[in-house]
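Novice: Please see the structure below; I have some questions.
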Ligand code: 5CU
């Protein structure tokens with residue numbers, strides 16, 4: 001029928017389930033939840049760039065963000081979806097997942113929290129059949145990959161609504177090019193669990209200077225530049241370490257349109273081709289690396305959380321011929337809420353929808369693919 005509404009799927013939408021909130025409330029270093037005098041809501045303090053303000057909070061500039069029910073309430077998530085005509089959401093735990101436990105001396109420290117959190121997501125999904133799926137989290141710890149395997153198997157085999165895993169750039173503590181991560185990626189490939197790669201650390205505070213440390217620029221530099229650069233570096237390291245060549249069926253979904261990868265892929269490729277050390281190594285081994293472009297069009301998927309048609313067109317173009325099939329809409333809810341009291345429509349969501357419509361044509365088949373059709377196919381969202 002002519003007036004059938006296209007299906008909108010949000011693949012980048014976070015929540016913190018009850019057990020995670022409890023964990024953050026019990027902490028006194030980031031990530032943490034704390035109340036500050038004069039603030040109506042407790043504050044969720046997550047990012048390394050927020051630490052300077054945490055030790056010196058002022059009423060006009062408290063650290064972090066208000067912990068509203070958008071982060072914790074399933075009803076609020078469904079209301080947000082209904083308000084924005086989102087048919088299906090693929091939920092994920094927001095950063096920093098359980099990464100802060102990877103430095104704990106106890107290798108099992110993240111195991112129970114991960115089991116509990118994944119069960120809470122599955123329970124939420126079961127409450128809204130056909131509308132909710134999730135990316136699970138893994139108890140990544142340098143000392144314990146067996147537990148990671150068990151968690152991944154449980155996600156795949158027993159949690160019906162799980163469609164992949166959300167992973168930060170830290171891996172087992174040494175990044176995603178760590179040779180010890182290879183077995184984890186191998187297991188994820190075997191289980192056909194896509195990795196949703198998401199940033200958290202940004203760039204070191206010094207990069208942004210003293211004025212940023214004092215909070216003068218809000219979160220703009222760390223979120224606008226730090227996050228995308230972190231993702232770009234992480235995926236470039238995976239590429240250089242040969243992860244994609246070793247596991248050619250591993251699927252990786254990059255947050256925020258791949259950071260800056262669509263723009264920098266050519267430069268990365270040129271640097272690889274003209275690097276004397278890599279050239280000599282390749283000659284010696286006789287193994288030829290696939291180009292970054294080949295990896296982009298076969299193993300990498302990009303979300304469409306880029307807020308402009310310019311970035312979205314780049315994401316699609318970088319994904320090769322048929323690249324429009326590899327890009328999927330997202331909102332980043334509950335981050336970037338409206339700032340005016342009583343404003344119910346989220347401008348950040350509208351920007352991402354408009355980007356798809358402007359880049360691909362309002363109502364076009366391609367816009368519908370990016371807004372929802374691709375996610376249904378890639379993440380098998382029809383199966384409950
Ligand atoms: O606003 C922020 O800090 C964030 C964050 O922490 N994580 C995210 O996914 N988006 C924005």
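What follows is calculated from the coordinates using simple rules that are stated; it is not laboratory data. Only a predicted model underlies this, so the values are computations on that prediction, with no experimental measurement involved. Note that we place each Cβ from the backbone using ideal geometry, even for glycine, and neighbour counts take in every protein chain shown.
Novice: Which order do the peptides 33-39, 191-197, 232-238 take when ranked by the mean count of other beta-carbon atoms within 10 Å per residue, highest first?
Specialist: 232-238, 191-197, 33-39
Novice: Under the 0.36 nm per residue contour assumption, what length would be gained going from the current alpha-carbon distance of residue 146 and residue 174 to full extension? Write out the running numbers ahead of the final one.
Specialist: Values: separation 28, 0.36 × 28 = 10.08 nm, distance 1.75 nm.
Stretched out fully, the residue 146 to residue 174 stretch lengthens by 8.3 nm.
Novice: Alpha carbon centre of the stretch 66-105 versus the stretch 215-273: separation in Å?
Specialist: When both Cα centres are located, 23 Å separates them.
Novice: With the crude spin-label approximation of a point 7 Å out along Cα→Cβ, what separation in nm comes out for residue 281 versus residue 79?
Specialist: 5.3
Novice: Using the beta-carbon distance between residue 274 and residue 217 and R0 = 45 Å, what value does 1/(1 + (r/R0)^6) give for FRET efficiency, to the nearest 0.05? Show your work: numbers first, answer last.
Specialist: On the way: r = 36 Å, r/R0 = 0.80.
Given R0 = 45 Å and the Cβ-Cβ separation, E is 0.80.
Novice: Taking the chain as a Gaussian network, where each spring joins two C-alpha atoms under 10 Å apart, which residue of 348, 92, 26 fluctuates the most?
Specialist: Its mean-square fluctuation being the largest, the pick is 26.
Novice: Quick one: length gained pulling residue 19 to residue 55 fully straight, 0.36 nm per residue minus the C-alpha distance?
Specialist: On the way: separation 36, 0.36 × 36 = 12.96 nm, distance 2.61 nm.
Full extension from residue 19 to residue 55 adds 10.3 nm.
Novice: Would you compute, for the Cα atoms of the stretch 9-378, the largest minus smallest coordinate along each principal axis and list the three values in descending order, in whole Å?
Specialist: Result for the stretch 9-378: principal-axis Cα extents of 64, 53, 48 Å.
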